[in-house]
Ligand code: COA
């Protein structure tokens with residue numbers, strides 16, 4: 001049996017760190033309001049001219065280095081992003097060009113904050129089926145460009161960043177099982193209702209969100225999909241060494257962990273320093289946990305994410 005095994009990880013955060021106190025100088029908010037509701041203390045924002053693909057390439061180079069591989073070894077590139085450099089071509093092809101790779105399939109996955117679990121599950125399916133042997137899976141977003149910086153209900157919640165994973169075909173256990181879901185009936189809860197048409201931006205090009213409805217939906221569906229993936233794989237929650245969740249809100253993360261009966265000491269938490277980096281948040285957290293030595297070879301990881309669509313999913317993997 002062929003598994004998709006994590007061979008290396010990398011991540012990148014823009015240099016500009018903006019604390020809650022810094023933000024409170026720009027909008028009517030406070031560190032107390034933001035951190036008590038979300039756990040967020042700071043976020044990193046991309047510099048002028050720094051694009052999603054630039055963040056993605058920096059993370060990818062670090063992941064390749066960690067895997068002891070070079071760009072030419074890659075035969076599949078999947079980029080999860082909701083903030084592509086351009087309407088088209090895909091950010092994956094831009095990353096491909098910047099890394100000097102040519103010929104292999106490269107495409108974007110659009111599942112907003114669930115993007116990384118979608119991308120991971122997709123690359124896993126390619127590797128299991130023999131359509132790829134060495135995949136670069138990236139989550140990268142620059143939400144600072146799609147926020148209304150006068151809307152305190154949303155602008156305090158997000159940050160920019162990228163994380164990357166190199167997956168390789170292996171006889172050793174790697175990704176065990178994935179479960180993905182979406183339900184377009186909930187599309188109005190979180191959206192940017194705009195498009196480029198007739199030579200103009202039509203609609204409102206800023207993120208809109210019903211925060212309380214998103215909170216309730218996320219808590220319910222993340223618990224359900226975590227149960228589903230464990231049940232389908234024949235695993236119990238006690239066998240999970242680390243939850244590596246999408247980092248939107250510490251209270252949502254804690255609710256999923258509590259549902260599974262897993263203590264917060266087994267959760268990789270980066271939301272305080274990164275805020276919600278959308279598709280980048282899970283691979284950023286994974287890379288942090290691996291590089292600081294908490295996540296070790298042979299351990300069992302549960303990735304879970306949810307985002308606009310609504311789309312959500314979970315991936316169980318052995319590292
Ligand atoms: N600073 C200060 N006050 C703020 C504020 C801010 N940044 N944002 C909103 N407020 C105010 C509101 O105006 C409201 O004031 P009012 O009662 O006078 O009208 C009050 O705080 C409460 O707002 P509310 O929206 O009810 O807060 P909440 O407790 O539901 O928390 C969220 C808001 C967004 C933090 C919370 O709903 C949440 O985390 N939701 C999930 C969002 C998420 O994770 N999205 C990404 C999913 S991938």
If contacts are Cα pairs under 8 angstrom and at least 6 residues apart, what is the relative contact order of the chain in percent? 26
Scattering profile of the chain from the Debye formula, Cα beads only, expressed as log10 I(q)/I(0) at q = 0.10, 0.14 Å⁻¹, is -0.50, -1.03
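Sorted by packing (mean other beta-carbon atoms within 10 Å per residue), highest first, where do 137-150, 43-56, 96-109 land? Display every interim value, and only then the final one.
Values: 137-150: 23.9, 43-56: 21.3, 96-109: 17.5.
Going from most to least packed, we get 137-150, 43-56, 96-109.
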Rank these for me by crowding, 116, 303, going from fewest to most other beta carbons within 10 Å. 303, 116
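Run the numbers for residue 272 and residue 237: contour at 0.36 nm per residue of separation, minus the present Cα-Cα distance, in nm. Could you put the intermediate results ahead of the total?
Details: separation 35, 0.36 × 35 = 12.60 nm, distance 2.52 nm.
Gain in length upon complete extension: 10.1 nm.
Work out how much length residue 213 to residue 61 would gain on full extension: take 0.36 nm times their residue separation and subtract the Cα-Cα distance, in nm to one decimal. Could you put the intermediate results ahead of the total?
Numbers: separation 152, 0.36 × 152 = 54.72 nm, distance 3.80 nm.
Result: 50.9 nm gained on full extension.
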Given labels modelled 7 Å from the Cα in the Cβ direction, how far is it in nm from residue 251 to residue 188? 2.4
Just grab the label-to-label distance for residue 170 and residue 227, each label 7 Å out from Cα along the Cβ direction, in nm (one decimal). 3.2
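Do you know the relative contact order of segment 243-319, to the nearest whole percent, from alpha carbon pairs under 8 angstrom that are 6+ apart?
On the way: 105 pairs, mean separation 26.0, N = 77.
About 34 percent, as a whole number.
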Please give, to one decimal in nm, the separation of the simple spin-label points placed at residue 25 and residue 296, each 7 Å out from Cα toward the Cβ. 4.4
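Taking 0.36 nm per intervening residue step and subtracting the Cα-Cα distance, what contour gain separates residue 196 from residue 149 on full extension? Mind showing how you got there, number by number?
Working: separation 47, 0.36 × 47 = 16.92 nm, distance 2.13 nm.
Roughly 14.8 nm would be gained on extension.
Under the rule of -39500 (n - 2.57) per DSSP H run of 4 or more residues, summed and divided by the residues of the chain, what mean residue ellipticity at 222 nm is obtained, to the nearest 500 deg cm²/dmol? Write down the numbers at each step before the final one.
On the way: 10 runs with 104 residues, N = 319.
After summing the helix terms and dividing by residue count, I get -9500 deg cm²/dmol.
Relative contact order for segment 122-259 using alpha-carbon pairs under 8 Å, separation at least 6, rounded to a whole percent? Working shown, then result.
Numbers: 129 pairs, mean separation 26.7, N = 138.
Relative contact order of segment 122-259: 19 percent.
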Beta bridge orientation in the chain: antiparallel %, DSSP, nearest 5: 75
Post the alpha-carbon centroid distance, segment 26-48 to segment 154-174, in whole angstrom. 23
Using the 10 angstrom Cβ neighbour count as an exposure proxy, how do 202, 113 rank, fewest first? 202, 113
In whole Å, what are the extents of segment 189-313 along the principal axes defined by its C-alpha atoms, from largest to smallest? 53, 29, 24
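Rule-based calculations on the coordinates, nothing more; no lab input. These numbers were taken from a predicted model, which means no experiment stands behind them. Every residue, glycine as well, gets a Cβ built from its backbone with ideal geometry; the counts of neighbours run over all protein chains shown.
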